[in-house]
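The values are calculated or read from the model by the stated rules, or taken from the named source; none is laboratory data. Quick caveat, the model's predicted, so the values are computed rather than measured. Quick reminder, even Gly has a Cβ in these numbers, built from the backbone with ideal geometry, and neighbours come from all protein chains shown. The accessibility values were calculated without ligands, DNA or RNA, using every heavy atom of the protein model including side chains. Shrake-Rupley method; radii C 1.70, N 1.55, O 1.52, S 1.80 Å.
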Amino acid sequence: MITEHSGIFHISTDAYSYLFKINAYGIPEHLHFGAPVQREDALALSCRPGLGWGCSILLDGENTASSLDTMMLEWSGSGRGDYRESPVELCGMPTDFRYEGFEILEGVAPMTCGLPQAHGAEETLVITLAQKNAKLQLYYTVYPTALVRRSVLTNTGEEPISVNKLMSFNLDLPGSFTMATFNGSWIAEMHRTDTVVAESKVVNESLTGSSSNRHNPGFMLFEADATETAGRVYGFNLVYSGNHYASAQRSHQGLTRVMQGINCSNFRKELQPGEAFETPEAVLCHSDEGFGGMSRNMHIFVNDHIVPVAWAHRPRPVLYNSWEGCVFDFNEHRLLDLANRAQDLGCELFVLDDGWFGARNNDKAGLGDYNVNKKKLPHGMEGLAHKIRKKGMDFGLWFEPESVNVDSDLYRAHPDWALTDEFPLVFGRNQLLLDLTKPEVRDYLVDSICPILDSAKISYVKWDMNRHSIALGEKAHDFVLGLYDVLRRIFGPRPGILLESCSSGGNRFDLGMMCFSPQVWTSDDTDPIERLDIQEGASYLYPQSTMGAHVSAAPHAQTLRNTPLATRGNVAFFGCLGYELDLKHLLPVEIKEVKQQIAFYKQYREVFQYGTFTRTNLGWQVTNGSTTLAGVFHRLVHAAPGYEQLRLTGLKKDARYRITSLAQALRVGQFGSLLKHVAPVNIDPNGQILRIADRHFTLPYGEDTLTASGAALMHGILLRPLFRGTGYDQNQRTHGDFGSDIYIIEEIAE
């Protein structure tokens, strides 16, 4: 709900209040963003600087408190006394925007520049500010758990204006904060880094041409006492897939300025008279219930208002992807064999990855030539897709449309379509980017891809992009707009296709892509121990329904770490489950275990994908209605470990719950020479007898069932003991390194 009274604007929902006023100088002054308050609290929430501070530039020489530098502002300019960072820079011009008026619109105010938007808003407030030759509009779009802001600058003069910087929002918050960013690289995305915000500016940005695996656009600000369940936490994100910028800086007066938008490095936009520039939408969330409360609000927003309507709260299929099992080496016979095995395991979707088109037998050739390789697929894509659908599975396909190999028919015909500069060519994964700023390039992609999707009745697309930009320069923003245009034209008329975005894993894990792509390939790293950090980092700002998570072979290609199949499944459960390995190499005991994993996941799929996610003391928790699922994860084991206490959150104190551990298969081979202590004969730990037994037999694992009140579970219950040396006991949790457990907690009807 948006109200205005005497220049005071109050945006209120059940989750938050946002309050600002237009002061006597026509400047929008921020008052409050946080827990719900009343409009009548405006005076109490205002900055009251008294005599002000010496050495200040004053808007009014008679009023020593009229310095912009010491006010909490909704927007700031430059050259008028506010020495903090400005959200706008116009080449050769100071900026001093003053209030002109407001408008309250129903629903979303549509953008005209081609950027994606959140959907399903209640209302939008538009504040108009103006100065000589320019008009600035600040948009506030209201959603139940988040506020979305953006800005639009219009040239109202008679000469061109050069825009060097325009942020989506500026916000001054009272207090001291720590900034949590999510950083990394290829196969090491989304690792949380905390930096105290002080007088020196803290910056989170990307310069790779995409939202980047180095620095995700999403970040948090939190107060020092914040925990998972208590304390003040703010979450911010950008509905954009290109170079981004965010900063936070505390002033001497204890005000923290935060802003976010398109990165201004190499950015320049010249506006002709009457022309406007729109920024991407920025998402602002708040919670006084800690990181878990902020995540809950952000997850609700993403699931309800970012993900395409056709896929909102829709269960994601269990898929099999051919890449790690085949790489480029496959033919129709091999694919159909894998499809038979995947269907027998319970997979619902078969995905053919790279290598199906042109001369694509390695990563040095073929990108751009989307004609089916008939040597590999003699019956074409339609023939393969038909045979897989007859097995009861849907069929999906991999593309990498934004890139081109020099060794391709496309490049030989149109070398000018590649994004290059006047310097010698530089390559990433042996490829160049196509110049999506050119309409003819976008037309080629749409005309090449759509017939394949339609003729083969494709139900899923993995859209990859493995080349980071180098030659974009001032084209960076227009390239992103070109990408959105292609996605809109291909998938807008085909809402039933599940699009999974991928860019060397999580290089483009952002809300802009999620407006088209309900899920994103979280990382090329499928090692579950690495995924604990990657998926947990992503969980702060993105719901589990958006995270592709696969079970792969071990030792893992990214780490050479050997992990239990149970742990690979248990970690992948907390996302969109898939399998990516050569299925013909599975042992009989592993086939049985994978079948059990998939059956269990399907039973609780909606809880895993859409349940309320919480980070617990021992792992992760999801809750949907009366069912809670908790994962307990270990890294390296230690000798003679003590008891573990599992503490859950969000349960009903007085309700009774049944807690059951998920059965696991305990491989006899992992005991090695310890079998001498329990077997009646001396068994060679490397001999044939044990190898045969290990393929076919497992030992009972420490299953557990008990009942407890919600109060007891939130206080913490002691789990069954871990392995403590030499002895086997079916009542203990016999973990080696990297073990894990899943607990099913269900409310018992009175």
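Annotations
- Restricted to the range 710-738, and to residues there that are in contact with an Asp or Glu (Cβ under 7 Å, 6 or more places away or on another chain) and part of a loop (DSSP other than H, G, I, E, B), the residue that is surrounded by the most Cβ atoms within 10 Å (Cβ to Cβ) is Leu719.
- Of all residues assigned to the range 59-73, none qualifies as being at pLDDT 95 or above, closer than 28 Å to Gly512 by Cα and touching a Ser or Thr at 6+ places or on another chain (Cβ under 9 Å).
- Filter result (closer than 17 Å to Ala708 by Cα, open to solvent by less than 30 Å² (accessible area, probe 1.4 Å) and in a strand (DSSP E or B)) within the range 627-674: Thr627, Thr628, Leu629, Ala630, Leu646, Tyr657, Ile659, Ser661
- Filtered by the rule that a residue be among the β-branched types (Val, Ile, Thr) and over 30 Å from Leu319 (Cβ atoms), the range 386-426 gives Val406, Thr420, Val426.
- Every residue from the range 477-497 that is surrounded by 22 or more Cβ atoms within 10 Å (Cβ to Cβ) and among the small types (Gly, Ala, Ser): Gly482
- Strands (runs of 3 or more DSSP E) completely within the range 176-222 that count 3 or more residues being more than 24 Å from His468 (Cβ to Cβ): 178-183, 191-196, 215-222
- Checklist (1) part of a loop (DSSP other than H, G, I, E, B); (2) surrounded by fewer than 21 Cβ atoms within 10 Å (Cβ to Cβ); (3) out of contact with any Gly (no Cβ under 8 Å at 6 or more places or on another chain); (4) charged (D, E, K, R) applied to Lys374, failing item: (3)
- Yes/no for Pro315 being surrounded by 24 or more Cβ atoms within 10 Å (Cβ to Cβ) and assigned to a loop (DSSP other than H, G, I, E, B): no
- Single residue of Asn204, Asn216 found to be in contact with a Ser or Thr (Cβ under 6 Å, 6 or more places away or on another chain), under 30 Å from Asp525 (Cβ atoms), of a type outside the set (Val, Ile, Thr) and at pLDDT 95 or above: Asn204
- Restricting attention to the range 134-164, the residues that are in contact with a Gly (Cβ under 8 Å, 6 or more places away or on another chain) and not hydroxyl-bearing (Ser, Thr, Tyr) add up to 2.
- Any hit, the range 599-621, residues being surrounded by 14 or more Cβ atoms within 10 Å (Cβ to Cβ), more than 30 Å from the chain's Cα centre (by Cα) and of a type outside the set (Gly, Ala, Ser): no
- If you go through the range 327-344 and keep only what is among the hydrophobic types (A, V, I, L, M, F, W, C), surrounded by fewer than 19 Cβ atoms within 10 Å (Cβ to Cβ) and not in a loop (DSSP other than H, G, I, E, B), you end up with just Leu336.
- Residue satisfying condition, being farther than 30 Å from Lys653 by Cα and not β-branched (Val, Ile, Thr), within set Gly725, Gly716, Gly710: Gly725
- Matching residues, the range 377-409, being touching a Gly at 6+ places or on another chain (Cβ under 8 Å), open to solvent by 10 Å² or more (accessible area, probe 1.4 Å) and under 19 Å from Trp463 (Cα atoms): none
- Of residues in the range 171-206 being among the aliphatic types (A, V, I, L, M) and under 25 Å from Ser46 (Cβ atoms), the one farthest from the chain's Cα centre (by Cα): Ala198
- Residue, surrounded by the most Cβ atoms within 10 Å (Cβ to Cβ), within the range 690-709, restricted to residues that are closer than 14 Å to Glu746 by Cβ and among the hydrophobic types (A, V, I, L, M, F, W, C): Ala708
- Qualifying residues in the range 498-516 (those that are surrounded by 24 or more Cβ atoms within 10 Å (Cβ to Cβ) and of a type in the set (S, T, N, Q)) - the one farthest from the chain's Cα centre (by Cα): Ser503
- Asp533 being crowded, with 23+ Cβ neighbours inside 10 Å, out of contact with any Ser or Thr (no Cβ under 6 Å at 6 or more places or on another chain), under 26 Å from Val551 (Cα atoms) and not hydroxyl-bearing (Ser, Thr, Tyr): no
- The residue that is farthest from Thr124 (Cα to Cα), counting only those in the range 1-36 that are open to solvent by 40 Å² or more (accessible area, probe 1.4 Å) and of a type in the set (A, V, I, L, M, F, W, C), is Ala24.
- Leading residue by the ranking (nearest to Phe479 (Cα to Cα)) among those in the range 216-240 that are of a type in the set (A, V, I, L, M) and more than 17 Å from the chain's Cα centre (by Cα): Leu221
- Boolean, Leu560 is at pLDDT 95 or above and part of a loop (DSSP other than H, G, I, E, B): yes
- Pairing residues of the range 501-513 that are under 21 Å from Asp363 (Cα atoms) with residues that are among the β-branched types (Val, Ile, Thr), at Cβ distances under 6 Å and at least 6 apart in sequence or on separate chains, gives Ser501/Val520; Gly506/Thr522.
- Any hit, the range 517-528, residues being among the acidic types (Asp, Glu), outside any strand (DSSP E or B) and open to solvent by 10 Å² or more (accessible area, probe 1.4 Å): yes
- Filter result for Gln558 (without any contact (Cβ under 8 Å) to a residue 12 or more places away in the chain, open to solvent by 20 Å² or more (accessible area, probe 1.4 Å) and either among the polar types (S, T, N, Q) or under 23 Å from Val302 (Cα atoms) (or both)): no
- All conditions but one from (1) out of contact with any Phe, Trp or Tyr (no Cβ under 8 Å at 6 or more places or on another chain); (2) within 27 Å of Asp288 (Cα to Cα) apply to His32; the one that does not is (1).
- Looking only at residues of the range 438-473 that are of a type in the set (S, T, N, Q) and open to solvent by less than 40 Å² (accessible area, probe 1.4 Å), we find that the one that is modelled with the lowest pLDDT is Ser469.
- Test: residue in the range 249-268 that is crowded, with 19+ Cβ neighbours inside 10 Å and at pLDDT below 95: yes
- Every condition in (1) in contact with a helix residue (DSSP H, G or I) (Cβ under 8 Å, 6 or more places away or on another chain); (2) free of Cβ contacts under 8 Å to residues at least 24 places away in the same chain is met by Leu629 except one, and the failing one is (2).
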